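The values are calculated or read from the model by the stated rules, or taken from the named source; none is laboratory data. Quick caveat: nothing in here was measured; it's all calculated off a predicted structure. Note: ideal-geometry Cβ built from the backbone for every residue, glycine included; neighbour counts use all protein chains shown. Accessible surface is based on the protein model in full, side chains and every heavy atom, while ligands, DNA and RNA are left aside. Shrake-Rupley method; radii C 1.70, N 1.55, O 1.52, S 1.80 Å.
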Amino acid sequence: MSIEVKIPAVGESITSGVLSTWHKQNGELVSDGEALFTLETDKISTEVPAPGFGKLEIKVDAGQEVKIGQLVALLDQNVAAPAVGGTPSSTGQPSSLKASEGDLELGKESAVLGSMPVGSHPADPGSLPPSVRRIAEEERVNLADVTGTGKRGQVTKSDLVQYLESKSAAPDLRAEPEAPKQSVPVADTPAPITSMDRTARTTRRKMTPLRKKIAGQLVLAQQNAAMLTTFNECDMSAVMKLRSQYQETFQKRHGVKLGFMSFFLKAAVESLIEVPAMNARIDGDDLIENHYYDIGVAVGTERGLVVPVVRDADKKNFAELEKEVASYAKKARDGKLQLDDLTGGVFTITNGGIYGSLLSTPILNPPQSGILGMHKIQNRPVVIDDEIVVRPMMYLALSYDHRVVDGKEAVTFLVRMKECVEDPTRLLLQG
């Protein structure tokens, strides 16, 4: 008897994706609920667990496009179920017990252990975290070459990253020795570069569904909106002083750091309330005005930019906002975001300052009519009360759809954002 492994439904609007990575090898025994493969769609990347135990028979290779409901593998259950404390085998006995049945098997195991560094243990690849297996598969790393520092010698993500860094930094000892210098002077003329040389120095690979979606959304925003950007700058002194004064107490009480994003989320809510046109969107010949405040926060990941949505930001306090943003950031890095996490936002905030950006013009996130760009905080001379002083300043950029929002409304919105950030007590009074 075999269990069919099919591509699960991950959202109403998603009909296909790419089976990017198999976490198990063909013919390997798989446990029920174990991460089996990663499915990438145009919105999310998610790990799909095994629907039961059995011997894996792969029907679709990694990297292939698949449709929802498509059969991609079989799990042959004509093997014994996994026993507690042992790896399942075709005879139904744990491999650790089989090894003790005869000197031959024991000798093989001893030979393997004898070839490993003292204190290390051979780890079952299936017990490794999915992130470790994924990196190892992508970088083609033999995990037996990596010294693990985890429990029972298990290879951790940091072990693998450190191994890759040391490998890239190490000199190539296999390089041929330098040829002896010739006594006759040789002209230092570089050899011409052929087209074959250029091809050998490039890498071609298919775009992931997420990257395709990002590209399509950006082009859609440029083509379908009358996009315009207005700028301002805000003095971050008050927010920075408030964070410094209450950071320790806030973190002890709520278990999360007080960051800048909660202030900007609160300021965005106040600004959207004052300028409702920014909380509207065009749908055909209709103008839809939203009366709720679900605000997207852009998060950069290895796979691309995603925008999880903080629901009902107007009803949450600073601690709740910080916890939700931190949770989304972790889920985004781990590839655990769900479709519902990414849909339904009315406005977006993106922070290029964490990468060092001083100024930029953010692109709209359709069908929204506004997006705020935060940037790097930098000490700059400013004039206050006719005196030149140095203050930590941040440029703010508001891109908006001019079909929905007039210039006066956009400037009013951004000025209100500036006022809220420069005087955060008004945000605290609002909750």
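Of all the criteria given as (1) at pLDDT 95 or above; (2) under 27 Å from residue 238 (Cα atoms), the one not satisfied by residue 299 is (1).
Residue-by-condition table, conditions (1) more than 30 Å from residue 305 (Cβ to Cβ); (2) part of a strand (DSSP E or B):
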site	(1), (2)
3	yes, yes
56	yes, yes
72	no, yes
75	yes, yes
78	yes, no
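Part of a helix (DSSP H, G or I), closer than 30 Å to residue 280 by Cβ, open to solvent by less than 70 Å² (accessible area, probe 1.4 Å) and among the polar types (S, T, N, Q), is that true of residue 217? It is true that residue 217 is part of a helix (DSSP H, G or I), closer than 30 Å to residue 280 by Cβ, open to solvent by less than 70 Å² (accessible area, probe 1.4 Å) and among the polar types (S, T, N, Q). Taken over the stretch 317-339, the residue count meeting the criterion of being open to solvent by 40 Å² or more (accessible area, probe 1.4 Å) and free of Cβ contacts under 8 Å to residues at least 60 places away in the same chain is 5. When residues in the stretch 262-300 are screened for being under 23 Å from the mean Cα position of the chain (by Cα) and surrounded by fewer than 19 Cβ atoms within 10 Å (Cβ to Cβ), 2 of them pass. Picking from residues in the stretch 346-363 that are under 20 Å from the mean Cα position of the chain (by Cα), open to solvent by less than 60 Å² (accessible area, probe 1.4 Å) and among the hydrophobic types (A, V, I, L, M, F, W, C), the one that is farthest from residue 325 (Cα to Cα) is 363.
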